[in-house]
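The values are calculated or read from the model by the stated rules, or taken from the named source; none is laboratory data. Just so you know, these numbers come straight off a predicted model, no measurement behind them. Note that each Cβ is placed from the backbone with ideal geometry, even for glycine, and that neighbours are counted across all protein chains shown. Accessible surface areas use protein heavy atoms only, side chains included; no ligands, DNA or RNA. Shrake-Rupley method; radii C 1.70, N 1.55, O 1.52, S 1.80 Å.
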Amino acid sequence: QVQVKESGGGLVQPGESLRLSCAASGFVFKDYTMAWYRQAPGKQRELVAIVFSNGNTNYNASVKGRFTISRDNAKKTVYLQMNSLQTEDTAVYYCTARPSVNFGSGYWGQGTQVTVSS
(Lines give C-alpha, C1' and ligand atoms only; values in the text may rest on other atoms or scores of the structure.)
Protein backbone atom coordinates (compact mmCIF):
# COMPACT_ATOMS: atom_id res chain seq x y z
CA GLN A 1 0.00 0.00 0.00
CA VAL A 2 1.35 3.39 -1.02
CA GLN A 3 1.95 5.84 1.79
CA VAL A 4 3.43 9.33 2.02
CA LYS A 5 3.20 10.71 5.54
CA GLU A 6 4.51 13.94 7.00
CA SER A 7 5.53 14.53 10.60
CA GLY A 8 7.41 17.07 12.67
CA GLY A 9 5.10 20.05 12.53
CA GLY A 10 4.33 22.10 15.58
CA LEU A 11 4.11 25.50 17.22
CA VAL A 12 7.23 27.66 17.38
CA GLN A 13 8.16 31.29 17.87
CA PRO A 14 9.65 33.46 15.14
CA GLY A 15 13.34 32.73 14.63
CA GLU A 16 13.11 29.14 15.80
CA SER A 17 13.55 25.96 13.76
CA LEU A 18 11.68 22.79 12.87
CA ARG A 19 12.53 19.73 10.84
CA LEU A 20 9.75 18.07 8.90
CA SER A 21 9.98 14.46 7.81
CA CYS A 22 8.14 12.60 5.08
CA ALA A 23 8.20 8.82 5.21
CA ALA A 24 7.36 6.99 1.99
CA SER A 25 6.50 3.39 1.23
CA GLY A 26 4.88 1.29 -1.46
CA PHE A 27 6.83 2.65 -4.46
CA VAL A 28 10.40 2.90 -5.73
CA PHE A 29 11.44 5.93 -3.71
CA LYS A 30 14.78 6.52 -5.44
CA ASP A 31 13.05 6.98 -8.80
CA TYR A 32 10.74 9.74 -7.56
CA THR A 33 11.12 13.46 -7.28
CA MET A 34 10.09 14.59 -3.81
CA ALA A 35 8.69 18.00 -2.97
CA TRP A 36 7.23 20.03 -0.15
CA TYR A 37 4.21 22.26 -0.70
CA ARG A 38 2.39 24.46 1.76
CA GLN A 39 -0.97 26.12 2.03
CA ALA A 40 -1.75 28.93 4.43
CA PRO A 41 -5.32 29.79 5.44
CA GLY A 42 -6.99 31.72 2.65
CA LYS A 43 -3.95 31.38 0.39
CA GLN A 44 -3.10 29.42 -2.73
CA ARG A 45 -1.05 26.28 -2.35
CA GLU A 46 2.58 26.95 -3.23
CA LEU A 47 5.69 24.93 -3.88
CA VAL A 48 8.27 25.23 -1.12
CA ALA A 49 11.14 23.01 -2.22
CA ILE A 50 11.99 20.10 -4.53
CA VAL A 51 14.67 17.46 -4.37
CA PHE A 52 15.23 15.41 -7.51
CA SER A 53 16.43 11.83 -7.74
CA ASN A 54 20.02 13.00 -8.30
CA GLY A 55 19.91 15.18 -5.18
CA ASN A 56 19.60 18.53 -6.95
CA THR A 57 17.24 20.98 -5.28
CA ASN A 58 15.06 23.98 -6.08
CA TYR A 59 13.51 26.42 -3.61
CA ASN A 60 10.78 28.98 -3.51
CA ALA A 61 12.46 32.38 -3.28
CA SER A 62 10.67 33.09 -0.02
CA VAL A 63 12.52 30.28 1.77
CA LYS A 64 15.93 30.32 0.07
CA GLY A 65 18.71 30.49 2.61
CA ARG A 66 16.40 29.42 5.43
CA PHE A 67 15.04 26.01 4.41
CA THR A 68 16.93 22.93 3.27
CA ILE A 69 15.37 19.91 1.58
CA SER A 70 17.19 16.59 1.56
CA ARG A 71 16.48 12.93 0.97
CA ASP A 72 17.68 9.63 2.37
CA ASN A 73 16.93 6.91 -0.15
CA ALA A 74 17.91 4.13 2.23
CA LYS A 75 15.35 5.35 4.74
CA LYS A 76 12.84 6.32 2.05
CA THR A 77 12.47 9.67 3.76
CA VAL A 78 12.63 13.29 2.68
CA TYR A 79 13.30 16.12 5.12
CA LEU A 80 12.68 19.83 5.26
CA GLN A 81 14.91 21.69 7.70
CA MET A 82 13.23 24.99 8.46
CA ASN A 83 15.38 27.66 10.11
CA SER A 84 14.65 31.26 11.01
CA LEU A 85 10.94 30.63 10.81
CA GLN A 86 8.66 33.60 10.30
CA THR A 87 4.96 34.07 10.96
CA GLU A 88 4.48 34.05 7.18
CA ASP A 89 5.65 30.42 7.13
CA THR A 90 2.55 29.32 9.01
CA ALA A 91 0.77 26.75 6.84
CA VAL A 92 -0.08 23.12 6.38
CA TYR A 93 2.95 21.49 4.79
CA TYR A 94 2.45 18.64 2.34
CA CYS A 95 4.89 16.09 0.98
CA THR A 96 4.48 14.83 -2.58
CA ALA A 97 6.18 12.21 -4.72
CA ARG A 98 6.21 12.15 -8.52
CA PRO A 99 8.06 9.89 -10.97
CA SER A 100 11.32 11.54 -11.97
CA VAL A 101 11.09 10.20 -15.53
CA ASN A 102 7.85 11.87 -16.60
CA PHE A 103 6.60 13.84 -13.55
CA GLY A 104 3.27 12.11 -13.91
CA SER A 105 0.65 11.56 -11.28
CA GLY A 106 2.03 10.83 -7.87
CA TYR A 107 1.25 10.67 -4.21
CA TRP A 108 0.41 13.23 -1.55
CA GLY A 109 0.55 13.11 2.19
CA GLN A 110 -2.12 14.33 4.56
CA GLY A 111 -0.14 17.36 5.68
CA THR A 112 1.42 18.56 8.92
CA GLN A 113 0.64 21.88 10.57
CA VAL A 114 3.39 24.42 11.14
CA THR A 115 2.42 27.43 13.22
CA VAL A 116 4.83 30.29 13.84
CA SER A 117 3.40 32.56 16.49
CA SER A 118 4.73 35.77 17.96
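Which whole-Hz couplings ³J(HN,Hα) result when phi for each residue of region 37-54 is put into the Karplus expression 6.51 cos²θ - 1.76 cosθ + 1.60, θ = phi - 60°, listed in order with x for Gly and Pro?
Here the 3J(HN,Hα) series is 10, 9, 9, 8, x, x, 10, 6, 5, 9, 6, 9, 7, 10, 10, 8, 4, 7 Hz.
Please say if region 77-118 is rounded, prolate or oblate, where rounded means a/c under 1.5 for a ≥ b ≥ c the square roots of the C-alpha gyration tensor eigenvalues, and otherwise the choice is prolate for a/b larger than b/c and oblate otherwise? Kindly include the intermediate steps, with their values, before the conclusion.
Working: a/c = 3.24, a/b = 2.42, b/c = 1.34.
It is prolate, given that a/c is not under 1.5 and a/b is the larger ratio.
May I ask you to derive the FRET efficiency for Gln113 and Phe27 from their Cβ-Cβ distance with R0 = 25 Å, giving the value to the nearest 0.05?
Values: r = 25 Å, r/R0 = 1.02.
Result of the calculation: an efficiency of 0.50.
Report the net charge of residues surrounding Leu85, where surrounding means a beta-carbon distance below 13 angstrom and charges are Lys +1, Arg +1, Asp -1, Glu -1. Don't skip to the answer; put the middle values down first.
Working: positive: Arg19, Arg38, Arg66; negative: Glu16, Glu88, Asp89.
Combined, the nearby Lys, Arg, Asp and Glu give 0.
If I build a Gaussian network model for the chain, linking alpha-carbon pairs within less than 10 angstrom, which residue out of Ala61, Ala40, Ala24 has the largest mean-square fluctuation?
In the Gaussian network model the winner is Ala61.
What accessible area per residue, rounded to a whole number of Å², is obtained for region 1-41 using a probe radius of 1.4 Å? Show your work: numbers first, answer last.
Values: 2120 Å² over 41 residues.
I get 52 Å² per residue for region 1-41.
From the residues Leu85, Thr115, Asn73, which one has its Cα farthest along the dipole of region 63-118 in the positive direction, the dipole being from +1 and -1 charges on Cβ of Lys/Arg and Asp/Glu about the Cα centre?
Asn73
What's the magnitude of the charge dipole for region 1-104 around its Cα centre, counting Lys and Arg as +1 and Asp and Glu as -1 at the beta-carbon? Answer in Debye, nearest 20. Could you put the intermediate results ahead of the total?
On the way: 12 positive and 7 negative charges, 40 e Å.
The dipole magnitude comes to about 200 debye.
Of Gly104, Tyr59, Cys22, which is farthest towards the positive pole of region 6-118's charge dipole, taken about the Cα centre with +1 and -1 on the beta-carbons of Lys, Arg and Asp, Glu respectively?
Of Gly104, Tyr59, Cys22, it is Gly104.
So, with a 1.4 angstrom probe, what is the percent of accessible area on region 1-91 that is carbon and sulfur? Don't jump to the answer; show the numbers that get you there.
Working: 2180 of 4890 Å².
Of the solvent-accessible surface of region 1-91, carbon and sulfur hold 45 percent.
Restrict the search to region 1-77; then list the trypsin sites (Lys or Arg not before Pro) that DSSP places in a loop and that have at most 15 other Cβ atoms within 10 Å of their Cβ. Mind showing how you got there, number by number?
Working: sites: Lys5, Arg19, Lys30, Arg38, Lys43, Arg45, Lys64, Arg66, Arg71, Lys75, Lys76; in loops: Lys43, Arg45, Lys64, Arg66, Lys75, Lys76.
Sparse-neighbourhood loop trypsin sites (Lys or Arg not before Pro): Lys43, Arg45, Lys64, Arg66, Lys75.
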